[in-house]
Structures are given as structure tokens and as C-alpha cells.
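Contents: one structure, followed by commentary.
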Amino acid sequence: MSVDELEKFIGKFAVNVLKEIGIKELFPPQREALKLIMSEKNILLCMPTASGKTLLAEIAMVRKAIEGFKSLYISPLKAIANEKFKSFKKWEKIGLNVGISTGDYSSTDEHLKDCDIIVTTYEKADSLIRNKAKWLKDVRCLVVDEVHLIDDFERGDKVEVLIAKMVDKVRIIALSATIKNYEELADWLNADCYYSEWRPVPLLEGYYVNGYLYLNKKAEKKSFLEIVEEGTLIFEQTRKAAESTALKLAEIGFAECRELEKKVLEENDGEMSRRLAKCVSKGVAFHHAGLLPYQRELVEESFREGEIKVVVATPTLAAGVNLPAKKVIIKSLYRYEGFSKPIKIMEYKQMAGRAGRPGCDFGVSILFASSKKLAEKYINGEVEPITSKLAVESKIRFHTLSLICENYSKLEDLKRFYDKTLFRKQRDEDLGYLIENVVLQLENWGMVKFNKEIFPTELGRLISKLYIDPLTGFLFQDSLREDLSEIGILHLICRTPDMERLSLKSNDYWVEEKAYKYRKELIYYPPRHSAEYDWFLEEVKTAFCLMDWINEVDEERICQKYSIAPGDLRRIVETAEWLGSSLEKIADLKKKKINISTRIRYGIREELLDLVELHGIGRIRARKLFNAGIRTKDDLLTKRDLAERLLGYKVVENAIRSVQKTKT
């Protein structure tokens, strides 16, 4: 089917946009699903990676924009959201506005009111509903990418509840590559389902056992290095294994990439970055969550473009990022999450599904296994069904406060809402008892008032808008009864269930010694032999890491001291900034003053707060100015020549313009 036939649905100019990016024909499943897309029904599209389900969603969104309405495209990760946003920008050629929002959960992002297609993460979309963004009333289509992540324990509840909130209000188009119980999911969504196993590039699945490669009904004795070729994506269980394999492959060398080597070190030249640069110089890269965002994007884009020939990644890369490979090698059937556990067949299928670049006759996936029987179990087995992970007290508490703030004022109202969830469909269990317990707990914490009806307090409304766990909100407001020191504030942030904590290493004896030194300033100090003591040490280790950061300890020194990568530090800082900002707002409500979030954002002492408000001035430049006697915005104006000698004309000119703009 020629894309010209789409003209009657989305217009000639939109069809031309598709032609400009090389799309002239629709794939067979796209042709078959088009009738559903052009209807107004909810749809569940279950199609393999690269078979074109995102384009079908785009067609639906463009058509909705032509009718004068907005569409919301939600994805599980910021990286995926950024990738989709860049792809959807092509529709601006026909006059559509495309926007993105992935941060600041307390903002309604009113600048998006003029956008036709808006890309967000699951959490951000839910927070927009909580904060009552006015422009949401014009959304008529919700596209849910990677809907199978409802099965994910960490974040599945958020997308499940979001869908339940919107299912009766907008059209829903849910996308996934691997779902076993798709009929059950479609029934829950009140959706028509299109299921296809067609792939644009056929997939050949093989396995490697005891030194032999079993592929296409043949067995060949080969080494691991003999299997790797240009265009290979390798999945390793851990970061350490991914880096080690990449360094070994770099010794062989697949290409000369000196310019890419320099780019890797542009923002960070620490130990891990130098290892990555060494690999990249030879056409190989590793990819994991410890990399900085620009490094991950550089690796992904360079692999797509063919500059980097081999990428060794942890399994997180399999979750949605568009990175097709000629060959995929899955080195381990285990995932490390504090301990090793077997991966699901679904996860294997997601990784294997990355094999098959456009233009190849076929893609190849090779699974390393301890036995033929185990390998065949994964290759020939059925993926596990999607199951709700909602019915946990902490999750029900989180969503129930939001619902009460959205005018669900009776227990019966709350029960009726939860009856719309996938959990209720899959399990004939009444959540009434759990809901009532949660409401009583929220009342005990001062977040709701409960008699015959339930009403949120000012504190409850604020906590819901901030998108923090009510337990986090309780810990914050309860600890504000006393004055807190710097380490006390950081420990409070690290004590919350919303904060990622650093694990203890064998050489972290210093953490216990330092905790004892600061024991009077910490939020609490449990007995050494109590059950919570190790948990407490993880909290304070993370707090000490943040204390070093806001006291301007060098980033590389922090990474070495706390055995983390630069990407880990940035992620911890980003989460702590969000929680610090939430703490400040709760403190304001309690007529107390706390000023920590800006210090966490920039990694600065309090004396630099004025300078970092300037455009282009971060922790390093602000410190240079301060040490030279330029300590305020006004100092910058009066000592411009000195500032230019320190930072250069262009940086200072932009900084001064930002000063002048705030004064007008």
C-alpha cells in the first residue's frame, strides 16, 4: 500500500513529510491495522520491534491535530521520550506544534497549551493530572508506549492508574512488542486488538553452548570473538562485565574513531569516561546507566550511524530505545538486582528482537546458555502474561491521596475507581479493606479529613501535587519540628522511600565512623545491632555523598570515594534536588525556611547562590568568579574586565544579559 493512500486521512502535506524521510510504502501489518487506527476506538497494537507501530500512532495523532485536538504520547523513560520528540518534530513542517515535558512534577507546563503532540513520561503525565493542567481538557488521544511495563514492579502501577483515570475520557492507543495475554489487556482497555508477528527483517535465533554455536540447524565450534562482527549488540549481566567485554573487543579493534573519542571526554574526563573513550577510539562502546546522558546518546547515535561497530550493554538498553543491530548476543540469562536471578522469557525476547537492521536479509540473535535445554526453553517458550503490580499498600497509598485530591470523596467512590484497574480484572479481590486502612493512615498523618466523606487537607494537596510518596511527606513534616543542620537535611532526604540509596561496599568502614561523628545532627541513630542499622548506613552514605557534592568536592573524587559512576551521581543529585524542593515547599507551609534544592542542583556552597542564577554559570565558573572577588551579580557588572579574563567574553556577555533581563 502506497503512503499516497493516506492522503484522504491526513492530507497531502503530511504524506509528503513521510516521503521525505523515505517512507513510501506501508508494511503489511500497518496496512491491516490502518482501519482500526482510522476509527475512534481504543486500540492495542501488539507488533514486533521495527514493524511500524509508532508510525500508526503518529498517523492517529496527526489526524487528531487536524481535527483541532491534542494528543499525549507517554513513554517509560526520559531517553525514549527525547527520542520520540526528535522524531515527531518532523510534523512541524505541516504546522503542528510538538512539545515535550519530562521534569518538575509540580509544574503544569502551561507553555504546552499551544502544542498538538505532547511527549512525556508515565510519571510526568500522571503529575500533570494531579496538578490539573488546564490544557489537558483538549487532549483526545493518549498513546501508551511499552504498555507491557504495567508488569514492572517499580513503575507499572503508575501507568495502570493513569490509564484507569483516562480510559473513559480519551481515545487510548496502547503499543507493545511482547504480550501473551493481549486479549485480556485489550478487554480491560475496552479496545480492539491488532496482533502480528511479522517483522520487516526476519529473525534467526540460535544459541551458544560449551564452545559450539547452534544456528540454522548447524553446530560449529567457535570462540566468542569469532561470533562478534560489525553491527553487533551484546548484552551483559552487569556494568563491570559490559566494560570488561568492551575493553577486550577494543584490543582487536573494529574502526578508528578519534573524533568520537574526543567527544566522549567533552563534559567528563574521569576514569570511566577514559575507559569509554579508549573503547570508542577502536569502534567499540559500552552502555549502561553509569554513563552521562550525553555519552549514552553519543553511543546510541554513533551505533545507528555505523561509526561504532559493536556495543556492549546492560539489559536496560533493551527497554524501548531504538537501536537495531545486525546481530544480538545475549551473554547471560541472569540479571543482577542485588542478587542474580533468571530473566523472564519476555526480557529475552525484547533483547533478541533488537536483531535485524533495515537493509539486512535477516537478523541473528545468539543466546549463551549452560545447556541446550535451557536455551531452547527461552527461544521456544511463551512470554509470561502481564500482571498488575498495583495491590501493595505503599502504591495504593500513593494513588489514593491523588484520587481524594481529584474529588473522590467517599470510600465507595475510591472502590469504584479501583474496580476499573487491571488488578481488579485479573484478581477477584475486593480492595476495600486496604483502601480504608490507607485512608485512616493518611488521616493520621494529617493529609486528609475523614468522617462520612473524605477531604484533603492543605498538606495533602501539596504532597499529591509534589508527586512524592505520602510517607515522604510525613517524614518531612514530622522532622520539621526541630531545626536541621546541613547533614540533617540531607539525611532526611535520603531516609525517604523516594530516594535511591548507595549500597555499602566492603571498604566502607569509614561510613560508620563518620555517622558516629555526626550522630547528634542526623535524623536518627539506631542501635548498632538493630535490624535497620545497615539500612541506616546506606542512608547516611548517600547523605555524605550529597554533602560532598554541595561542598564542591570534585566530581571525579566523589565517584571514586563512593564507588559510583558519573551517571549515578547525576541521577542521585537530580532525585535529591526534586526531594529538596519538595521539602522546601512543605517547610514553607509550616512557616519554616529551608534552602537546599539550588545547592543540590549546582553542587555549591551557600555563598555561590547568587552567581549560579546567571546564565551559563555553574559550580566551577561561579567558584572562579567568587575567589577572584566577584561575589554578586552587581560585582559582575562593575568588574566585567576581570570576569572576561577569567571566563571569556562570550560567557560573560551572556551572563550580563541575564542580569539585565531580570532588572527590566
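The values are calculated or read from the model by the stated rules, or taken from the named source; none is laboratory data. The shown structure was predicted, so the numbers you read here are calculated from the model rather than taken from an experiment. Positions of Cβ are backbone-derived with ideal geometry, glycine not excepted, and every protein chain shown enters the neighbour counts.
When segment 564-595 is filtered for residues that are without any contact (Cβ under 8 Å) to a residue 60 or more places away in the chain and part of a loop (DSSP other than H, G, I, E, B), the ones remaining, listed by number, are Lys591, Lys593, Asn595. Screening segment 64-147 for strands (runs of 3 or more DSSP E) wholly inside it with 1 or more residues that are of a type in the set (Asp, Glu) returns no ranges.
Kindly list, by first and then second residue, each pair from a residue in segment 8-21 that is in the same structural domain as Trp91 (by TED's automatic domain parsing) and at positive phi to a residue that is of a type outside the set (Asp, Glu) and in a helix (DSSP H, G or I), limited to pairs with Cβ atoms under 7 Å and residues at least 6 apart or on different chains. Taking only residues 6 or more apart or on different chains, the pairs are Gly11/Ile66. Please determine whether any residue of segment 156-165 is over 19 Å from the mean Cα position of the chain (by Cα), modelled with pLDDT of 95 or more and under 22 Å from Tyr467 (Cα atoms). Within segment 156-165, one or more residues are over 19 Å from the mean Cα position of the chain (by Cα), modelled with pLDDT of 95 or more and under 22 Å from Tyr467 (Cα atoms).
Residue count for segment 161-192, restricted to those that are over 18 Å from Leu149 (Cβ atoms), buried (at least 16 other Cβ atoms within 10 Å of the Cβ) and not β-branched (Val, Ile, Thr): 1. When the helices (runs of 4 or more DSSP H) confined to segment 320-407 are screened for residues that are over 23 Å from the mean Cα position of the chain (by Cα) and not acidic (Asp, Glu), those reaching at least 1 such residues are found at 372-380, 393-405. Checking each residue in segment 297-313 for being closer than 25 Å to Thr178 by Cα and crowded, with 21+ Cβ neighbours inside 10 Å picks out Glu300, Phe303, Val311, Val312, Ala313. Restricting Ala133, Ala60, Ala125, Ala65 to residues that are touching a Cys at 6+ places or on another chain (Cβ under 7 Å) and crowded, with 20+ Cβ neighbours inside 10 Å narrows the list to Ala60.
Residues considered: Ile463, Ile487. Of these, the only one that is touching an Asp or Glu at 6+ places or on another chain (Cβ under 9 Å), in a helix (DSSP H, G or I) and either at positive phi or not assigned by TED's automatic domain parsing to the domain that holds Asp588 (or both) is Ile463.
In the condition set (1) over 16 Å from Ile596 (Cα atoms); (2) surrounded by fewer than 22 Cβ atoms within 10 Å (Cβ to Cβ); (3) touching a residue at least 60 places away in the same chain (Cβ under 8 Å), Thr457 is compliant with all but (3). Step by step: first the residues of segment 28-46, then only those that are outside any helix (DSSP H, G or I) and either modelled with pLDDT of 95 or more or among the basic types (Lys, Arg) (or both), then the one that is farthest from Thr178 (Cα to Cα). Which residue is that? If we take residues in segment 28-46 being outside any helix (DSSP H, G or I) and either modelled with pLDDT of 95 or more or among the basic types (Lys, Arg) (or both), then Lys41 is farthest from Thr178 (Cα to Cα).
For the residues Thr232, Thr238, Thr178, the requirement of being modelled with pLDDT of 95 or more, touching a strand residue (DSSP E or B) at 6+ places or on another chain (Cβ under 9 Å) and more than 26 Å from Val62 (Cβ to Cβ) singles out Thr232. Whenever a residue of segment 177-193 is on the phi > 0 side of the Ramachandran plot, its partners that are outside any loop (DSSP other than H, G, I, E, B) and not basic (Lys, Arg), lying with C-beta atoms within less than 6 angstrom and at least six residues away or across chains, give the pairs Asn190/Asn42.
Being in a helix (DSSP H, G or I), exposed (fewer than 14 other Cβ atoms within 10 Å of the Cβ) and at negative phi narrows it down to one residue among Thr662, Thr598; which is it? Of the residues listed, the single one that is in a helix (DSSP H, G or I), exposed (fewer than 14 other Cβ atoms within 10 Å of the Cβ) and at negative phi is Thr662.
Scanning segment 614-664 for residues that are touching a residue at least 40 places away in the same chain (Cβ under 8 Å), charged (D, E, K, R) and either touching a strand residue (DSSP E or B) at 6+ places or on another chain (Cβ under 7 Å) or closer than 27 Å to Ile596 by Cβ (or both) yields Arg619, Arg623. From the list Asp554, Asp588, the one residue that fits, being assigned by TED's automatic domain parsing to the domain that holds Glu500 and either surrounded by 18 or more Cβ atoms within 10 Å (Cβ to Cβ) or within 26 Å of Leu265 (Cα to Cα) (or both), is Asp554. In this structure, Leu112 qualifies as of a type in the set (A, V, I, L, M, F, W, C) and under 21 Å from the mean Cα position of the chain (by Cα).
Before we move on, is Gly432 in the same structural domain as Ile586 (by TED's automatic domain parsing) and either more than 20 Å from Arg130 (Cα to Cα) or buried (at least 16 other Cβ atoms within 10 Å of the Cβ) (or both)? Taking the combined requirement at face value, the residue does not satisfy it. For Ile468, are the conditions met, namely being in a helix (DSSP H, G or I), closer than 22 Å to Asp104 by Cβ and hydrophobic (A, V, I, L, M, F, W, C)? Here the answer is no, as Ile468 does not meet what is asked.
Give segment 273-294 a look and list any residue that's in a helix (DSSP H, G or I) and either over 29 Å from Arg619 (Cα atoms) or modelled with pLDDT of 95 or more (or both), or say none.
Step one: of segment 273-294, the residues in a helix (DSSP H, G or I) are 273-280, 293-294.
Result: Ser273, Arg274, Arg275, Leu276, Ala277, Lys278, Cys279, Val280.
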